[in-house]
1. Say R0 is 45 Å: what FRET efficiency, to the nearest 0.05, do R388 and D341 get from their beta-carbon distance?
2. Can you tell me the alpha carbon radius of gyration of segment 204-245 divided by the globular rule-of-thumb value 2.2 N^0.38 Å?
3. 7 Å from Cα along Cα→Cβ at both A210 and R2: what's the point-to-point distance in nm?
4. Test of understanding: in a Gaussian network model of the chain with alpha carbons linked when under 10 Å, which of G369, G207, G332 would top the mean-square fluctuation ranking?
5. Residue separation times 0.36 nm, minus the C-alpha to C-alpha distance between A327 and S151: what's the value?
6. Once you order the gyration tensor axes a ≥ b ≥ c over the Cα atoms, which shape class does segment 241-301 get: rounded for a/c under 1.5, otherwise prolate or oblate by comparing a/b with b/c?
7. Could you work out the mean projected area of the convex hull around the alpha carbons of the chain, in square nanometres to one decimal?
8. Net charge around R236, counting only other residues with Cβ within less than 13 Å of its Cβ (Lys, Arg = +1; Asp, Glu = -1)?
Amino acid sequence: MRIVVAHNRYRQAQPSGENTIVDAEIAQLTAAGVEVLPFLRSSDEIPAMSGAAKALLPISPIYAPRAQQDLGRLLTEHRPDVLHLHNPYPLLSPWVVRTAHRHGVPVVQTVHNYRQVCSSGVYFRDGAICQDCKGRTLGVPAIRNRCYRGSTVQSALMATTLAVHRPTWRSVDRFVALTSQIAAHLREYGIPADRIVVKPNGIPDPGRPAPLGEGFCYLGRLSPEKGLGLLLDAWRRHPDGALGPLRIAGDGELRHLAEAATAERADVTYLGSVDRDGVRAVMAASAVVIAASMWHDVLPTVVIEAMANGRPVLGTDLGGIPYLVGADDPAGAVGWVVPADPAAMAAALPVAAAGAAGLSAAARLRYEGAFHPDVVTKRLIDVYAGLRGGARPR
């Protein structure tokens, strides 16, 4: 089986988990015997572009001529079975879907965000969930609020791109929805259910979990949408030391909140940024991992990492978190989900502290059954196999 993986990497100055996920998926597919032909562009290329190429950048989200030419040559030469698209913006453009179909190649797209509808892709603005553009032909609110890169002009371009490419997205042969929340988003957008497959990302197996630690940990960006403020508000409703320790790891614009909490309370420790080994060490020292997202977080990897390390999760009931912890699984959830509200989070903290030991083994089993690389790679190969033989008739 021969697959083209198409992806526009974000700037290295703006690290993206999506880049890491795509790299890991390519490695997993290659290890499984799939011939992968990467068709990658990077936003880091933009500063070195010629003047003529830069002049075409404003239209590239709608139609990127150089990318279509290069992709056309690759498809003609290698005749792949499927093109797998991740992020097309800004240097690939959704037009790659049309280019692939013109060559008789079916297209799979993994949906990492809400950018079929939302110009910023996150359904979050000014500290709150925002879906003002849902159902609109043109996302005028996104333009008015400068939702894309803080620019009216660029927001107008992205809103126009989303309007122009509505038929393009609806022609994709198979969508890979990372969670049931994304599947629902696609159905609302008008994608038939039989063209949507729910398949999460996997993470490498960290090995046998360490014995359960004590207290809680928060690992992630220290930004408003990730809910550090929500967590600290809930934490302060309990006496110092009543819940065991709270370890906070990460960096971002709300770093001052973590530092202030550390100075204020003996049971809060701010660790700063940590590497992968550091993440595992923090989880090993803790009993429960907190995912306090204030937005419809698509697939917070920290939840999968928690389960891989045998740690249950206390999370908000937004985005992919309920799906990840199995809130609707008849076999039972491996964590707790609560509304994104300080009082609800505060009430759940002692419940999670008391129940962590009883869910540790179940959390690891859920990882092994649903999020291990061997499991998710097989599911992705099955998606490809179902499309071999050419693009769906149009």
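1. 0.40
2. For segment 204-245, the normalised Cα radius of gyration is 1.50.
3. In this crude label model, A210 to R2 measures out at 4.7 nm.
4. Most flexible of the set in this elastic network: G207.
5. Result for the pair: 59.5 nm of gain on full extension.
6. rounded
7. That works out to 19.2 nm².
8. Overall, the nearby charge balance is -2.
The values are calculated or read from the model by the stated rules, or taken from the named source; none is laboratory data. Since this is a predicted model, take the numbers as computed values, not measurements. Note: ideal-geometry Cβ built from the backbone for every residue, glycine included; neighbour counts use all protein chains shown. Just the protein is used for accessible areas: all its heavy atoms, side chains included, with ligands, DNA and RNA removed. Shrake-Rupley method; radii C 1.70, N 1.55, O 1.52, S 1.80 Å.
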